[in-house]
Structures are given as structure tokens and as C-alpha cells.
Amino acid sequence: MKRISAIHAPAGKTSEDEHSVQTGNLLIHARRLVLGLAGLVVSVGVWKLAYEFNWAPRGTLPDPSAIFPALRGEIESGRLFPAVGSSLIHYAWGLSMGTVLGLVVGLLAAVNRIFDDMQRLLARILRPIPPLAWVVFAIAWFQVSHAGAAFVISIGVFWVNYFATYSAVRNVDPRFYELARAFGRNRFVDVTFAITLPGAASGILAGIRTGVGQAWMTLIAAELLGVPGIGQEMNAAAGVGAYDAVVVYMLIISLIYGLMDFAFSLGEGWLLRWRPA
Amino acid sequence: MSSPAVTGEATRAVVLGVENASYRYRKGAAPVFSDLDLSLRAGEFVSLVGGSGVGKSTVLRCLAGLLPLDGGRLHLDVERIEGSRRRSVVFQDSRLLPWRTVGGNIAYGVEGLGLSKGERSDRVDEVLSLVNMLGYRDRWPSDLSGGQSQRVGIARALAVRPKIVLMDEPFSAVDALTRRHLQDELLGIWSERELAVLFVTHDIREATYLSDRILVMGGSPARVVHDEPMGRRSRDRAHEDTAQEAAAERISSAMGGIDGEGI
Ligand SMILES: Nc1ncnc2c1ncn2[C@@H]1O[C@H](COP(=O)(O)OP(=O)(O)O)[C@@H](O)[C@H]1O
Ligand SMILES: [Mg+2]
């Protein structure tokens, strides 16, 4: 087996080509890293200037060098981790409910004519309503709870996934469905798992990934209804003028999102490993 | 059916055919073909030739059961055997699922047959070796050349152990040299597995080299306008005999005479 594959391995680039390509890539990466860090340093510098020269109303702009101490303060006071933990709970619920529902409804609408026609007008009406407008009902139905926040988060995530799944499924090459029939593999469940979902995978995954970000966007605002979490801590900190703590929470959000997106991209890369490089 | 046996042996049973068949893609549209008669006998290699757009692929889809005839009858007379399909298809575009490996693509057809995992895996290896692709089981389709993709498409069709294989211009997108290899491999497999093959092509030379019998489609709506038995012969590229050349001549004029779109 080994031997045969070696013989038939694509005789594309020579090792010399590969080498120069690699060096080129390294240079590009190094340049990006250096310039990226430079951009960061410059903007922190501008921030520091703004702080020193009071460009913002007095007391509303924290000192950049106060951020790390503020982080330590938030950790030591025991506020940071419970807040992050609480946010992650309704984040996870809202994200997964919105994703699953969006996927299922998008898939059904894309494959079933009657369902598609039934949901189209409804979607037109509901789609423009911002997720945060549902906060009123979230409070009425779920009181101040994880469920209420998760509900609000799930709405935005739902739409993202619904549209992504719908169009991805619609764009699956119909010739694959003919193949399924030619080999007698045309039961709905068979076709869904063997053809539709893998065929639509890259579009569906792009939707899920957008949803992972979208959920953070609504999370903070959803917490304004009083559910404990990062948003509530930010609000509380701002209330007592602790803007350095607000920045700490902003950076925490960015960090968590960055980690999630990175993990997601690894999973996505594995699922779509069949795609030509 | 009226077509004579051409294998040189006593008449073999018709395994697949249509009578008075017609098909239209949309209600009210002109039929692609009508009054079409065609039959394929056990173990027979029949080519279907005709200009592009004449309706060859449509006929093949009907024979494969992928499209329902509008009129006429389709008969499929092959014993159903556990763990196999009666007919199977090779597409012009190979149609491998890009998200499955070579082995996974071949397994796809077999998965509907109620075999154990071990049996399925054995089937995959068996047909991979038949098309000389054993080392490729774990490769992705995107890594394959056009000829290799077609080999896998053929392997997938054979893995379900069909008695009839319907092939729609399977070699039209590969280079001339590969095409010759594939043709000879196909002939080897055909005789070893005693397949009935319906082979759609627009290449007359390909048809005369491979076939026991050649059907020419033409007209609008299309019909079979010519039925050329090739007789029993040794297939030899170096010595294309005069009989074969005369047959090619007749086929060519049958194609040209009808739609003016000779090859
Ligand atoms: N899916 C389809 N819907 C409508 N018309 C089609 C479809 N497929 C083929 N046709 C038409 O049917 C005719 C025959 O096509 P086809 O069977 O593909 O011809 P061939 O295989 O001989 O080139 C052509 O006029 C083509 O445009
Ligand atoms: Mg065709």
C-alpha cells in the first residue's frame, strides 16, 4: 500500500519550490506578527495619551496601566469567575438552542415545499425584530433567570443558522441526489445524513461560527435584564465609576470568544478536511 | 423484441429493455424520445451512440429507473439476489462524494444492501483491486486524476455486484492514453463478471472497439435509427478489420443522415 501511494503521489512541487514557499510564508507571518503588535502598541499609546490629557470626561477613561491590577482585583474579590461562569451557562444554552432550532427549521424549509411556503411569510415578519426587543417577553415568561437570557440569545443565533442552513441545503448539487437514487439510498434519513448535511456542511458550519459570535453580541445586553454574569458586572462596575473593571470584562469577552473561535476553526477544519487545500 | 442475438451463441435472454418508450421532461414539452425500442441481453456489450443532445443520457436514466417513462414499457428481467443490486450506473462526471474517501465512496452503494461491516469492507477491497486502485482506499476524491476518479466510479458500480451496468460516457473526460487503458480494463471486467453493459458514447471508434452491438439514436423526438451487430471477433486495436471499418462507416452515416451532427 505504502509503496503504491508513493509511486502515484502527485508529482507537483519539487522540494526546492516547497522550501522557498515555506520561507515566504514564514516571512509573511513574521511581518504580520510584528506589524500587529506595533498596531497594538500604538493604540495603547494613544489610549495612554487620552488618559494623561483627559480627552474623555474626567474619571471615565481608565489608565491602561491600571488594567492588570484591576484584573487581579476582580479575581481576588471573587467576582470574575462566578460572573464568567454564569454568563457561560446562558451563553451555552442560548447558543445551542438557537443553533439546533435554526438548523432544523432551515433544513426542513429547504427540503420541504409545503413547510417552506408556510414559514416564508412568518419569517419575513419576525426576522426584522431585534433579539433585544424580546427582552420584555423574556422577563414576562422566564422572570430573571438563565432561561430568560438564554431565550434572548437564542433568537439572534436562530436567525443566523436558519438562513445559513437554508441556503446551504438549497445549494447542494442535485446530481448527488440522483446518485443516491441510483444506488437505492433514497430514504429521507439516509439522504439527509449521507448527502444533504455533508453537502451543505461548509455553509452550515459558517453559520454556526457566525452564531458563536452573534451570541456574545446579545449576551451582554440580555444580562441587563438582571441575570448575573459579565454584563451585569460591567454594569455594576460602571455604576461605581470603576471603568478599569469594565475594560477588564471587555477583554475577558474578547479572550473567551477568541478561544472559542479558534477551537471551532479546528473542529471545522477537521470536518471539512476533504476539501482540496 | 425483434433484435437478433448477436453474441454468436444461441439467443440469450433480454435482461433490460424498453418498448414504445417515450419521455418528456415537462408536461406539454416535446418528447426527448418516443416510440423507442431497445434491448440488452445477458452478457451483452451494447453501445448507444448519437450526437450530443439527442437524448442518450435521458434514455440511460430511464433504463436506470431514475426517470419514469411517459409511455411504453420498461422491463427488467434479472433475478434479485441478496446482497446485490440488479443494475448499477457509472456517470460521466464520476460523481464521487467529495466528503467520503475512495473507500467510503465505494462503500456508499454497498451500505444499502444489509451486509455486515466486514463483508462491506471486503467488497471495497475486491473492486478496488479489480480497477487497480488498491492503494487509494483512504484518499480523498480531490486527490485523484480524472482517470482515477472514473476507476473509482466503476468500482462503486461493481461493488453492488450488478448483472447490468449502465455507463454514460464514462471515458469522455479522460485523455486518450488513459482512455485506452480504461477501455481494456472495462473489457476485462465485463467478460470476467459476465455483465450486460449499456455504454453511452459519442465516439464511434470507442463503440466499435468495445461493443457486440451498436445502437444509433437520432431524430427528434429520438428513436433508434440503426442497429449494427458487430459479430463475434477478437478485439484488436492494431488490426481494425474491414468489416469493422464498414460498420463504423454505416454508423457514421446513420448519425449524419439523421441529425447532420456526425462526429
Ligand atoms: N433535466 C433536464 N430538464 C429538461 N431538459 C433536459 C434535462 N436534461 C436534458 N434535457 C434535454 O433533453 C435533451 C436530451 O438530453 P440528453 O439526454 O442529456 O442528451 P445526450 O445525452 O444525448 O447528450 C436535450 O435537449 C436536453 O436539453
Ligand atoms: Mg449525455
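Report whether or not residue B:125 is away from ligand 2 (no atom under 16 Å from the Cβ) and open to solvent by 30 Å² or more (accessible area, probe 1.4 Å).
Criteria met by residue B:125.
Kindly evaluate residue B:132 against the criterion of being modelled with pLDDT under 95, within 11 Å of chain A (Cβ to nearest Cβ) and over 30 Å from residue B:222 (Cα atoms).
Here the answer is yes, as residue B:132 does meet what is asked.
From the residues in the range B:150-193 that are within 16 Å of ligand 2 (Cβ to nearest atom) and surrounded by fewer than 20 Cβ atoms within 10 Å (Cβ to Cβ), which one is modelled with the highest pLDDT?
B:172
Go through the range A:93-132 and report how many residues are more than 21 Å from the chain's Cα centre (by Cα), surrounded by fewer than 19 Cβ atoms within 10 Å (Cβ to Cβ) and either part of a helix (DSSP H, G or I) or not assigned by TED's automatic domain parsing to the domain that holds residue A:165 (or both).
Going through the range A:93-132 one residue at a time, the tally reaches 16.
Using the structure shown, decide if residue B:33 is away from every other protein chain (no Cβ under 14 Å), under 11 Å from the mean Cα position of the chain (by Cα) and more than 7 Å from ligand 1 (Cβ to nearest atom). Steps first, answer last, please.
Details: away from every other protein chain (no Cβ under 14 Å): yes; under 11 Å from the mean Cα position of the chain (by Cα): no; more than 7 Å from ligand 1 (Cβ to nearest atom): yes.
It is false that residue B:33 is away from every other protein chain (no Cβ under 14 Å), under 11 Å from the mean Cα position of the chain (by Cα) and more than 7 Å from ligand 1 (Cβ to nearest atom).
From the list A:144, A:135, A:157, A:152, which residue is open to solvent by less than 90 Å² (accessible area, probe 1.4 Å) and more than 17 Å from residue A:227 (Cα to Cα)?
None of the others qualify; the one that does is A:157.
Looking at residue A:241 and the list (1) part of a helix (DSSP H, G or I); (2) modelled with pLDDT of 90 or more, which single condition is not satisfied?
(1)
For the range A:64-86, which positions are of a type outside the set (Val, Ile, Thr), open to solvent by 20 Å² or more (accessible area, probe 1.4 Å) and within 27 Å of residue A:149 (Cβ to Cβ)?
Within the range A:64-86, A:71, A:73, A:76, A:77, A:78, A:79, A:81, A:82, A:85 meet the criteria.
Which residue pairs have Cβ atoms closer than 8 Å, lie 6 or more positions apart in sequence or on different chains, and pair a first residue in the range A:142-169 that is more than 17 Å from residue A:204 (Cβ to Cβ) and free of Cβ contacts under 8 Å to residues at least 40 places away in the same chain with a second residue that is open to solvent by less than 20 Å² (accessible area, probe 1.4 Å) and assigned to a helix (DSSP H, G or I)?
Every condition considered, the pairs that remain are A:142/A:148.
Yes/no per residue for (1) more than 14 Å from every other protein chain (Cβ to nearest Cβ); (2) touching a strand residue (DSSP E or B) at 6+ places or on another chain (Cβ under 9 Å); (3) not in a helix (DSSP H, G or I):
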{"site": "A:140", "(1), (2), (3)": "yes, no, no"}
{"site": "A:150", "(1), (2), (3)": "yes, no, no"}
{"site": "A:186", "(1), (2), (3)": "no, no, yes"}
{"site": "A:205", "(1), (2), (3)": "no, no, no"}
{"site": "A:215", "(1), (2), (3)": "yes, no, no"}
{"site": "A:218", "(1), (2), (3)": "yes, no, no"}
{"site": "A:225", "(1), (2), (3)": "yes, no, yes"}
{"site": "A:233", "(1), (2), (3)": "yes, no, no"}
{"site": "A:236", "(1), (2), (3)": "yes, no, no"}
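Need the failing condition index for residue B:137 against (1) at the interface with chain A (Cβ under 9 Å from one of its Cβ atoms); (2) under 15 Å from the mean Cα position of the chain (by Cα); (3) open to solvent by 40 Å² or more (accessible area, probe 1.4 Å), just the number.
It fails just one condition, (2).
The values are calculated or read from the model by the stated rules, or taken from the named source; none is laboratory data. The structure displayed is predicted, hence computed values, not measured ones. Methodologically, a virtual Cβ is constructed for each residue, glycine included, from the backbone with ideal geometry; neighbour enumeration extends over all protein chains shown. The area values use the complete protein model at the heavy-atom level, side chains included, leaving out ligands, DNA and RNA. Shrake-Rupley method; radii C 1.70, N 1.55, O 1.52, S 1.80 Å.
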